[in-house]
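All remarks here apply to the structure that follows.
The values are calculated or read from the model by the stated rules, or taken from the named source; none is laboratory data. Keep in mind that what you see is a predicted model, and the values were worked out from it rather than measured. Note that each Cβ is placed from the backbone with ideal geometry, even for glycine, and that neighbours are counted across all protein chains shown.
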Amino acid sequence: MVVFAGLESQEDYIIRNERTYSVFKYVNEKLPPNAKIFVMNEPRTFYCDRPYITVMPSVRYSLLKDNRELLAKFREAELTHLVVNEYLRDAHGIRGGTVFLEKLKKEDLLVIYDEDPFVVFEIRYR
């Protein structure tokens, strides 16, 4: 009603009521058009206009030996960025992959956006 009455812009209303809007606005405006994103722990991707995946069915996290194998799987999928909902990580996170992801954060992921609960990482392949 506030938008209809002109008391608030549509964008301000969405930002206030949809937590995914801000992170995907950043993704849409700041990431290159050819970016391919793995959205982790967040099923609501309506506002994401870049190519993305939300699952990697070919990855059996329990069978990975180390974080290098996970990075190799990311490379195979041609992923360039991760969008992680940190709040839902423990409740809906990748089972067995969280430890490897934490190691990747130290060595191969660059934080480019961090606004609770979302973090956007650029994947840095060597």
Any chance you could count how many residues in segment 99-123 are of a type in the set (A, V, I, L, M), within 21 Å of Arg19 (Cα to Cα) and either without any contact (Cβ under 8 Å) to a residue 24 or more places away in the chain or in a helix (DSSP H, G or I) (or both)? 1
Can you name the residue in segment 48-68 that is part of a helix (DSSP H, G or I) and without any contact (Cβ under 8 Å) to a residue 24 or more places away in the chain and, of all such residues, is surrounded by the fewest Cβ atoms within 10 Å (Cβ to Cβ)? Leu63
Given the criterion under 13 Å from Val120 (Cα atoms), surrounded by 13 or more Cβ atoms within 10 Å (Cβ to Cβ) and touching a residue at least 24 places away in the same chain (Cβ under 8 Å), identify the matching residue among Thr80, Thr45. Thr80
Of everything in segment 32-59, what is at pLDDT 90 or above, over 15 Å from the mean Cα position of the chain (by Cα) and more than 20 Å from Leu109 (Cβ to Cβ)? Give them in sequence order. Pro33
Would you pick out the residues in segment 69-83 that are touching a helix residue (DSSP H, G or I) at 6+ places or on another chain (Cβ under 9 Å) and not in a loop (DSSP other than H, G, I, E, B)? Glu69, Leu70, Leu71, Phe74, His81, Leu82, Val83
Right, Glu29: part of a loop (DSSP other than H, G, I, E, B) and over 11 Å from the mean Cα position of the chain (by Cα) or not? no
